Amino acid sequence: MNEQPRWLNVFNDLSTSSFVDVLRRDHPHLLPEVRLRPEDAAAVPHGTTVLAVSYRDGVIMAGDRQATAGYQVASRRIEKIFKADDFSGVGIAGAAGPAVEMAKLFQTEVEHYEKVEGDNLSLEGKANKLGQMIRMNLPMAMQGLAVVPIFAGFDAKSAVGRLFKYDVTGGKYEETNFEAQGSGSKDARDSLKKLWKKDMTRDEALRVAIEALIDAADEDVGTGGPDFIRGIFPTVRTIDKNGFGDVPEAEVRKLCEEIVTVRTNSGNGA
Amino acid sequence: MPLPYYVSPEQMMKDKAEYARKGIARGRSIVTIEYGEGILLLAENPSSLLHKISEVYDRIAFAGVGKYNEFENLRIAGIRHADVKGYSYSRGDVTARALANAYSQALGNIFTQDIKPFEVEVLVAEVADGNHGSKNEIYHILYDGTIEDEHNYAAMGGQADEIRRFLKEHYREGLSLAEAVQLGVRSLNVTQNKTLTAKDLEVGVLDRTKTRRKFRRVGGESLAQLLGTTS
C-alpha cells in the first residue's frame, strides 16, 4: 500500500471548519443518537406548527408554543424558532428532543465555521448543511423520531429573504412565498395560501403569520393557540437586512387579541 | 548502535528557549488594554486578511504573536475546545481559565518533548459578564507553557518590555474605547520609528454592551474615528 505523505493530511482534513465533523471524529458520543421502539415514539413530545412567510424586507418565522405527546400536552411554553446566526433562523417541527438538539448543533456549526474561517457561510451553504444534518437523523426518523425543520434567512448577496423546506431524507426545497411544517402545517398553509400577498409590509406579514397559526390551532389538536389565561403567545421573529430580530410579546399579544375579536364577532370563528 | 551525543538538559532547555525567544522577537507586538466597557486587543498587523486576533466564544477572545501557522493551529484548537465544551455543557461553562490552562499544557508539552519549540505567545481574554463578582480576565501564555494572569493591560511580541513600561506609566482605569485605542497605538509607537496608522492595525474588542457574542472587529471608518484621524 502506498501511503500518502503526512503533509497531505492538511488538505484532506476538511473538518477544520465543521463542528459536526470534529464531533464525529473526536467526540462521537456527543452526537445525538437514540434507540427507541417505533411504538414508543408516539409518547415522545412532538413540536407541532412552525411557519415562515416572506415579505417586502425579508422573512418572518413563527411557531406555536405547544409540544404534544400523544393526546397530552407535554409543554405549553416550548420555543420552536431558533436563531442560527445574525441573518438566519431555524423553525423546528417533529420530535422535540432531537429537534431542539439539531437546532443547537446547527447553530454551533454555523458559528464554528464563522469563527474558524473568519467569514460567514453563504445562506445556500447553511441550508445545505442543515439538509445533511436531517439526513444524519434518518435512522432516528425511521424509529418515529423525525425532525423536519424549516430554514429561513436574509441573503446578503441578493438582499432578499429566502426560505427552505426539507423532507425526512434531508431533501431541500426552496420556497418563494411561504411554508409551514408540523402537524398543523396543512391548515397553516391553507390559511397562508388565501392571505399571503406579494410585497407585504412587516405589519401585514405579521398578521398573516399569526392568522395562520391561529387557524392551525383551530383545526389541529396538537397545535396550541394563543393562551390568554396563562399569557402564552406564539413566538415570532423577523429576519431582514438588520438581522434576526424579536417581535415584542406585547405586540404579538395585541395582534392575537385583535384577530380573536374579529373572529368572535364573525359568528363562525373564521 | 551508536550512542547519541549527550547534551545536558539545562543546555537543551536554554537553547530551546533562546530559539523560541528569537523567533518571537522578530515578530510584531500586540497589546491588550481593559477599558470602561470591555477589553481592547490591538495588534500591529499590515495584513487585513491574516488575523492575529480572533473570537473564541461568547466572552472570550484570542491573540497570538510569533509564527503564524503555529498560533493559527492553537487558535483553531481553542475554538474547538470552547465549542465542544459549550455544546456538551452550557454556554456559560466555557471559561477563559480552562482554555488558558489547555494552552499552557499544550505549549509546555511541545517545549519539553518536541525538537523545535513553538515560537509563539498567546493571550486569552474574557470580558466580565456583568454578574456580581465577575471580573475581566487576561491570561498570557509563553512559548514554554508559562502562564501569567495580567491586570489592566498586557503586551507580548517583539519589544513587549518597552511597551509594558509605557503602559505602566500611562494606563488609568475607566478609559473610553477611543482613549484605549489611542493609548495602545502610542504604546506600539514607542518601539517604532514610524507612526502607525489605521492601515497597520488590527483591532478587536470584547464589548460588554453587546448581547451574547461580545467580540467585534473594529476597522475602516470606525477605527479612523477612534484614532481621531478622520479628515
Exercise for review: Would you please list the contacts, defined by Cβ atoms under 6 Å and residues six or more apart or on different chains, that run from a residue in the range B:194-215 that is under 25 Å from A:Gly245 (Cβ atoms) to a residue that is open to solvent by 40 Å² or more (accessible area, probe 1.4 Å) and in a loop (DSSP other than H, G, I, E, B)?
Suggested key: B:Arg208/B:Glu37; B:Thr209/B:Glu37; B:Lys214/B:Arg59
Practice item. Quick one: which residue in A:Gly131, A:Gly89 is part of a strand (DSSP E or B), modelled with pLDDT of 95 or more, small (Gly, Ala, Ser) and more than 30 Å from B:Asn73 (Cβ to Cβ)? Key: A:Gly89
Review point. Got at least one residue in the range A:15-33 being in a helix (DSSP H, G or I), buried (at least 21 other Cβ atoms within 10 Å of the Cβ), among the basic types (Lys, Arg) and within 11 Å of chain B (Cβ to nearest Cβ)?
Key: no
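For the range A:107-119, indicate whether the set of residues that are within 14 Å of another protein chain (Cβ to nearest Cβ), part of a helix (DSSP H, G or I), touching a Ser or Thr at 6+ places or on another chain (Cβ under 8 Å) and open to solvent by 40 Å² or more (accessible area, probe 1.4 Å) is non-empty. Give the steps one after another, and end with the answer.
Of the range A:107-119, the ones within 14 Å of another protein chain (Cβ to nearest Cβ) are A:107-119.
Next, only the ones that are part of a helix (DSSP H, G or I) stay: A:107-117.
Then keep just the ones that are touching a Ser or Thr at 6+ places or on another chain (Cβ under 8 Å); that gives A:109-110, A:112-113, A:115-117.
Checking which are open to solvent by 40 Å² or more (accessible area, probe 1.4 Å) leaves us with A:113, A:117.
For the range A:107-119, residues within 14 Å of another protein chain (Cβ to nearest Cβ), part of a helix (DSSP H, G or I), touching a Ser or Thr at 6+ places or on another chain (Cβ under 8 Å) and open to solvent by 40 Å² or more (accessible area, probe 1.4 Å): present.
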Point to revise | Members of the range A:163-196 that are of a type in the set (D, E, K, R) and touching a Leu at 6+ places or on another chain (Cβ under 9 Å) | key: A:Lys172, A:Glu174, A:Glu175, A:Glu179, A:Arg189
Review point. Scanning the range B:152-166 for residues that are surrounded by fewer than 22 Cβ atoms within 10 Å (Cβ to Cβ) and modelled with pLDDT of 95 or more, which turns out farthest from B:Gly204 (Cα to Cα)?
Key: B:Arg165
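Is it true that A:Gly144 is away from every other protein chain (no Cβ under 14 Å), over 15 Å from the mean Cα position of the chain (by Cα), without any contact (Cβ under 8 Å) to a residue 24 or more places away in the chain and open to solvent by less than 40 Å² (accessible area, probe 1.4 Å)? Spell out the reasoning first.
Details: away from every other protein chain (no Cβ under 14 Å): yes; over 15 Å from the mean Cα position of the chain (by Cα): yes; without any contact (Cβ under 8 Å) to a residue 24 or more places away in the chain: no; open to solvent by less than 40 Å² (accessible area, probe 1.4 Å): yes.
It is false that A:Gly144 is away from every other protein chain (no Cβ under 14 Å), over 15 Å from the mean Cα position of the chain (by Cα), without any contact (Cβ under 8 Å) to a residue 24 or more places away in the chain and open to solvent by less than 40 Å² (accessible area, probe 1.4 Å).
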Check your understanding: Can you name the number of the only condition in (1) closer than 27 Å to A:Arg37 by Cα; (2) open to solvent by less than 10 Å² (accessible area, probe 1.4 Å); (3) within 14 Å of another protein chain (Cβ to nearest Cβ) that A:Lys104 fails?
Key -> (2)
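Any residue that is β-branched (Val, Ile, Thr) and more than 14 Å from chain B (Cβ to nearest Cβ) - is there at least one of those in the range A:82-95?
To start, the set of residues in the range A:82-95 that are β-branched (Val, Ile, Thr) comprises A:90, A:92.
Still in the list and also more than 14 Å from chain B (Cβ to nearest Cβ): A:90, A:92.
Looking through the range A:82-95, at least one residue is β-branched (Val, Ile, Thr) and more than 14 Å from chain B (Cβ to nearest Cβ).
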Review point. What are the residues in the range A:59-101 that are within 22 Å of A:Ile210 (Cβ to Cβ) and open to solvent by 50 Å² or more (accessible area, probe 1.4 Å), if any?
Key: A:Val73, A:Arg76, A:Arg77, A:Glu79, A:Phe82, A:Lys83
Practice item. Give B:Lys22, B:Lys52 a once-over and let me know the one that is more than 18 Å from B:Asn109 (Cβ to Cβ), basic (Lys, Arg) and within 12 Å of the chain's Cα centre (by Cα). Key: B:Lys52
Study note, to complete from the structure: Within the range B:196-231, residues within 13 Å of chain A (Cβ to nearest Cβ) and more than 17 Å from B:Glu37 (Cα to Cα) come out as B:Glu202, B:Gly219
Check your understanding: closer than 21 Å to B:Glu119 by Cβ, of a type outside the set (Asp, Glu), within 14 Å of chain A (Cβ to nearest Cβ) and out of contact with any Cys (no Cβ under 7 Å at 6 or more places or on another chain): does that describe B:Ser104?
Key -> no
Check your understanding: Pick from A:Ala42, A:Ala74: which is touching a residue at least 40 places away in the same chain (Cβ under 8 Å), outside any loop (DSSP other than H, G, I, E, B) and of a type outside the set (Ser, Thr, Tyr)?
Key -> A:Ala42
Practice item. Considering only the range B:50-98, state which residues are under 20 Å from B:Gly158 (Cα atoms), open to solvent by 50 Å² or more (accessible area, probe 1.4 Å), more than 13 Å from chain A (Cβ to nearest Cβ) and not aromatic (Phe, Trp, Tyr). Key: B:Lys67
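Going by what's in this entry, would A:Leu130 be described as among the aliphatic types (A, V, I, L, M) and surrounded by fewer than 18 Cβ atoms within 10 Å (Cβ to Cβ)? Spell out how you get there, then give the answer.
On the way: among the aliphatic types (A, V, I, L, M): yes; surrounded by fewer than 18 Cβ atoms within 10 Å (Cβ to Cβ): no.
Criteria not met by A:Leu130.
The values are calculated or read from the model by the stated rules, or taken from the named source; none is laboratory data. What you see is a predicted model; the values in this text were computed from it and never measured. Cβ atoms come from the backbone with ideal geometry, glycine included; neighbour counts cover every protein chain shown. Accessible surface is based on the protein model in full, side chains and every heavy atom, while ligands, DNA and RNA are left aside. Shrake-Rupley method; radii C 1.70, N 1.55, O 1.52, S 1.80 Å.
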